[in-house]
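Student: Okay, handing you the structure first.
Nothing in this text is a laboratory measurement; each read-out follows from the coordinates by a stated rule. Here the structure is a predicted model, which means the values were calculated and not measured. Cβ atoms come from the backbone with ideal geometry, glycine included; neighbour counts cover every protein chain shown.
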Amino acid sequence: MVKETIFSSIIKHVIPADILYQDELVTAFRDILPKAPIHILIVPNILIPNVNEIKYKHEKTFGRMFTVAAKIAKQENIHEQGYRLIINCNKHGGQEIPHVHMHLLGGIQLGPIL
Ligand code: 5GP
């Protein structure tokens with residue numbers, strides 16, 4: 001049994017967040033501790049703890065995460081200058097919240113990944 005995280009509460013509107021987009025598959029909201037001028041999290045509505053747990057049946061959801069990332073980047077007007085998409089996995093990847101999520105970071109020249 002996987003335990004729900006704060007992201008499930010955000011998706012269900014139980015706790016507040018600055019939600020920019022939501023549909024039947026994904027939710028996107030601003031990170032509470034932004035690491036760049038634009039820092040948005042794009043999250044599947046169903047609880048998948050990390051990338052290791054992604055199955056073929058989830059492909060539509062993960063495709064949607066990318067189309068929503070592109071749509072939001074355009075909305076935020078960072079699409080031409082560019083941005084970074086990151087998905088952390090488990091301890092070595094730096095994942096803190098065990099509900100898989102994509103970070104969209106931009107609005108500044110980002111440094112090297114490591
Ligand atoms: P991770 O390290 O798991 O890849 O990233 C988790 C992200 O979730 C962090 O950037 C952190 O700031 C963000 N975060 C943690 N708790 C909350 C919250 O309650 N609300 C929002 N909007 N972001 C959160």
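Student: Work out from phi, with θ = phi - 60° and the Karplus expression 6.51 cos²θ - 1.76 cosθ + 1.60, the ³J(HN,Hα) of each residue of segment 95-100, listed in order in whole Hz, and give x for Gly and Pro.
Tutor: 7, 9, 9, x, 9, 3
Student: So what are the three principal axis dimensions of the chain from its Cα atoms, in whole Å, longest to shortest?
Tutor: Principal-axis extents of the Cα atoms in the chain, largest first: 41, 30, 28 Å.
Student: Right, something else. Around A70, under 15 Å between beta carbons, what's the net of Lys plus Arg minus Asp minus Glu among the other residues? Walk me through the numbers before you get to the answer.
Tutor: Values: positive: R64, K71, K74, R84; negative: D23, E76, E80.
Residues near A70 contribute +1 overall.
Student: Please give every one of the lysines within straight-line cross-link reach of K35, meaning a C-alpha to C-alpha distance under 28 Å, and leave out same-chain neighbours fewer than 8 residues apart.
Tutor: Correct list for K35: K3, K12, K71, K74, K91.
Student: I'd like the distance between the alpha-carbon centres of segment 81-114 and segment 27-79, rounded to an integer number of Å.
Tutor: A separation of 10 Å, based on Cα centres.
Student: Would you pull out the residues with amide H under 5 Å of Q95's amide H, same chain only if 5 or more places away, H placed 1.01 Å from N?
Tutor: Close amide H contacts, sequence-distant or interchain: C89, N90.
Student: Now for a different question. With unit charges on the beta carbon (Lys/Arg positive, Asp/Glu negative), name the residue among L20, I48, L85 whose Cα is farthest towards the positive pole of the charge dipole of segment 6-106.
Tutor: The listed residue farthest towards the positive side: I48.
Student: Next question. Starting from the Cα-Cα distance between V51 and K74, subtract it from 0.36 nm times their residue separation and give me the gain in nm to one decimal. Let's see the in-between values first.
Tutor: On the way: separation 23, 0.36 × 23 = 8.28 nm, distance 2.58 nm.
Roughly 5.7 nm would be gained on extension.
Student: Using only Cα atoms and rounding to the nearest 10 degrees, what angle (0 to 90) does helix 59-75 make with the longest principal axis of the chain?
Tutor: The angle comes out near 30 degrees.
Student: Using the Cα centre of the chain as the reference point, and only Cβ charges (+1 on K/R, -1 on D/E), how large is the resulting charge dipole? Debye, rounded to the nearest 20. Working shown, then result.
Tutor: Details: 12 positive and 10 negative charges, 37 e Å.
Dipole size: approximately 180 debye.
Student: FRET efficiency for K12 and L114, Cβ-Cβ distance as r, R0 = 22 Å, nearest 0.05?
Tutor: The calculated FRET efficiency here is 0.05.
Student: Something else about it: Starting at the first residue of segment 78-89, write each ³J(HN,Hα) from the Karplus equation 6.51 cos²θ - 1.76 cosθ + 1.60 with θ = phi - 60°, in whole Hz, x for Gly and Pro.
Tutor: These are the phi-based 3J(HN,Hα) values: 10, 5, 7, 6, x, 6, 10, 10, 9, 10, 7, 10 Hz.
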